[in-house]
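First comes the structure, then the notes that go with it.
Just so it is clear, none of the values below were taken in a lab; they were calculated from the coordinates. Values in this document were obtained by computation on a predicted structure and should not be read as measured data. FYI the Cβ positions are ideal-geometry reconstructions off the backbone, even for glycines, and counts take in every protein chain you see.
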Amino acid sequence: MDHQLKTQRQFSRRDFLKAIFTGSLAVSGVAAAGGILRRVEAAPPEGEQAHNGHNPEPQAQHSHGGAGVTGQVNHAANGFDPADMLYEWDYGQVSTLPSGQTLREFHIGVVDKDIEVAPGVFFPAWTYNGRVPGPSLRCVEGDRVRVKLVNAGSHPHTIHFHGIHAARMDGVPGVGAGEIQPGEETVYEFDAFPFGCHLYHCHANPLKRHIHKGLYGAFVIDPDPNKYSGEEQEIAKTRHHLSPENQQFNEMVMVMNGFDTNFDGENEIYAANSIAFAYMNQPIRIQRDQPQRLYLINMTEFDPINSFHLHANFFDYYDHGTTLKPTHKTIDTVMQCQAQRGILEFSFKYPGLYMFHAHNTEFAELGWTGNFEVLP
């Protein structure tokens with residue numbers, strides 16, 4: 001009897017969801033998953049409210065014996081689509097300072113918003129500009145960056161940028177403007193250094209909640225080719241969004257994340273760009289032999305490591321994107337701790353459908369799986 005009770009306790013809600021997503025329980029697809037999530041929902045922390053409901057969108061068809069979900073997320077209601085987020089860059093409002101330095105001005109507002117992270121599964125997010133992840137900000141090494149933050153949310157917030165800047169611009173409690181209260185605003189201003197694949201996120205307390213709730217985004221600084229010479233200059237041109245050499249690359253951004261839908265300190269949903277199985281349901285179409293450049297960032301809370309594995313191919317990897325030559329060559333899997341990031345470069349030799357996913361099986365089976373459709 002004691003052994004039976006112990007076995008039942010060990011088979012947690014997370015295990016149950018995993019079994020549902022992989023089709024190993026006798027449940028009629030994952031159309032029932034939203035209902036199961038609602039029935040076993042634990043009480044959220046004080047001041048929070050979990051939301052789960054049915055999606056009126058028509059349901060997609062998936063094999064009952066394979067990974068995936070039944071149904072469709074309503075991207076229009078979310079206000080963002082992971083297919084578009086791959087390619088959406090915010091370059092700011094661009095002008096020139098009297099010194100000749102380029103100024104890029106960005107506007108970011110914090111808004112509380114329910115988002116659908118899997119069919120029928122809603123999460124009460126805190127968002128930058130109404131989306132998770134927030135807008136992908138992009139500038140050039142040496143630009144002056146000016147970011148206006150308006151807090152229209154219900155809690156104090158900040159923006160902390162990974163980069164080099166003065167302490168008063170660090171976006172942490174007790175330094176500079178500190179935590180920005182609801183209804184208030186502030187401006188962060190600094191010069192963009194070093195070049196690379198970076199990120200920004202809220203640094204208000206408690207930190208794990210503000211990050212997990214969705215307050216993070218990509219921050220990419222292109223190298224300035226004029227600062228380099230020879231081979232390095234030619235490489236830097238391919239990374240500069242205004243250079244003709246950059247146009248040969250298909251550039252994408254993915255932010256790996258997870259969602260704790262019942263506030264028990266463990267994620268039930270994993271994804272890249274927030275929507276479970278988004279790129280499996282809608283494969284990313286790319287051209288054979290075209291060089292691909294993927295800006296990859298891990299912002300998964302509650303799990304120490306996330307990863308990316310590419311099927312039937314290998315890639316070169318630039319850790320943090322701060323080098324012009326790869327830090328790892330010809331690998332097919334990379335691990336990242338939270339806030340670690342890098343650039344992947346690869347191309348496909350053969351057309352076809354190729355999977356990519358976290359090489360933590362649980363993450364892959366709970367949503368962090370996608371496909372590249374390589375065209376002839």
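Descriptive notes on the structure:
- For segment 348-368 and segment 108-175, distance of Cα centres in Å: 29
- Computed about its Cα centre, the charge dipole of segment 250-376 is approximately 720 debye, with only Lys, Arg, Asp and Glu carrying charge at their Cβ.
- Cα-based shape type of segment 305-346, given that a ≥ b ≥ c are square roots of the gyration tensor eigenvalues and the cut on a/c is 1.5: oblate
- At 0.890 mPa s and 25 °C, Stokes D of segment 244-376 from Kirkwood alpha-carbon radius, µm² per second: 163
- Close amide H partners of residue 322, meaning residues 5 or more places away or on another chain with modelled amide H under 5 Å apart, are 197.
- Members of 208/349; 148/213; 113/148; 113/237 lying beyond 30 Å, as alpha-carbon distances in this model show: 208/349; 113/237
- Vicinal HN-Hα couplings computed from phi for segment 341-346 (Karplus, 6.51 cos²θ - 1.76 cosθ + 1.60; Hz; Gly/Pro x): 7, x, 10, 10, 10, 7
- Each Lys or Arg adds one and each Asp or Glu subtracts one; over the other residues with Cβ under 14 Å from the Cβ of residue 317, this totals 0.
- Shape call, segment 74-191: gyration tensor on alpha carbons, a/c limit 1.5: oblate
- Anisotropy class of segment 135-289 from Cα gyration tensor, a/c 1.5 cut: oblate
- Taking every DSSP bridge with both residues inside segment 221-376, close to 70 percent are antiparallel.
- J(HN,Hα) series, segment 330-338, from Karplus relation 6.51 cos²θ - 1.76 cosθ + 1.60, nearest Hz, glycine and proline x: 6, 10, 10, 9, 9, 9, 9, 7, 4
- Charge dipole (Cα centre; +1 on Lys/Arg Cβ, -1 on Asp/Glu Cβ; no other charges) of segment 163-214 amounts to roughly 340 debye.
- Candidates 176, 258, 218 compared by Cα position along the dipole of segment 163-287: farthest toward the positive end lies 258, with charges placed on Cβ.
- Summing charges over all other residues whose Cβ lies under 15 Å from the Cβ of residue 108, with Lys and Arg as +1 and Asp and Glu as -1, gives -1.
- Of the residues 348, 300, 368, the one whose Cα sits farthest towards the positive end of the charge dipole of segment 272-376 is 348 (charges of +1 on Lys and Arg Cβ, -1 on Asp and Glu Cβ, taken about the Cα centre).
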